[in-house]
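Here is the structure we will look at.
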Amino acid sequence: MGTLRIKRVYEAPSPEDGVRVLADRLWPRGIKKENLVHDVWAKEITPSKELRTLYHHGELPFEGFSEAYVEELTGREEALAFAKKCKEWLEKGNVTLLYAAKNTEQNHALVLREWLLRTMSK
């Protein structure tokens with residue numbers, strides 16, 4: 001069984017990454033599409049535009065953002081289907097969720113990783 005990892009898109013790819021999933025709704029700034037090593041661009045598992053806007057404008061603290069994002073994920077068939085696919089990938093090796101946020105301690109990829117781990121364990 002592989003490990004579900006997270007990594008900034010600006011970090012160099014490594015063999016340990018396994019399946020590389022871009023988990024951002026918008027393409028990362030400063031990276032040409034042909035230069036980003038990724039296997040899947042999973043827009044369906046990202047926070048809604050409204051939720052991102054509230055959080056990035058400081059109108060929603062990280063805790064509130066996290067709770068709302070988990071609710072969004074739980075209510076989306078596409079996100080549940082992604083969790084199932086992720087579980088299949090993890091049976092063969094690692095999966096790395098790629099994100100562009102500067103803040104490495106409070107970002108949607110951390111919330112997504114925890115949600116995926118809980119969802120896949122059911």
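The values are calculated or read from the model by the stated rules, or taken from the named source; none is laboratory data. These figures come from a predicted structure and were not determined experimentally. Methodologically, a virtual Cβ is constructed for each residue, glycine included, from the backbone with ideal geometry; neighbour enumeration extends over all protein chains shown.
Below are the figures for this structure:
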{"read-out": "Any pair with Cβ under 9 angstrom, 6 or more apart, that starts in segment 59-81 at a residue that is more than 12 Å from residue 111 (Cα to Cα) and charged (D, E, K, R) and ends at one that is at pLDDT 95 or above and part of a loop (DSSP other than H, G, I, E, B)", "value": "78/42"}
{"read-out": "Single condition residue 95 does not satisfy, out of (1) touching a Cys at 6+ places or on another chain (Cβ under 9 Å); (2) over 28 Å from residue 1 (Cβ atoms); (3) of a type in the set (Val, Ile, Thr)", "value": "(2)"}
{"read-out": "Inter-residue pairs, beta-carbon under 9 Å, first over 24 Å from residue 118 (Cβ atoms) and in segment 1-22, second in a loop (DSSP other than H, G, I, E, B) and among the small types (Gly, Ala, Ser), 6+ apart", "value": "9/100; 10/30; 10/100"}
{"read-out": "Filter result (aliphatic (A, V, I, L, M), assigned to a loop (DSSP other than H, G, I, E, B) and crowded, with 17+ Cβ neighbours inside 10 Å) within segment 37-51", "value": "42"}
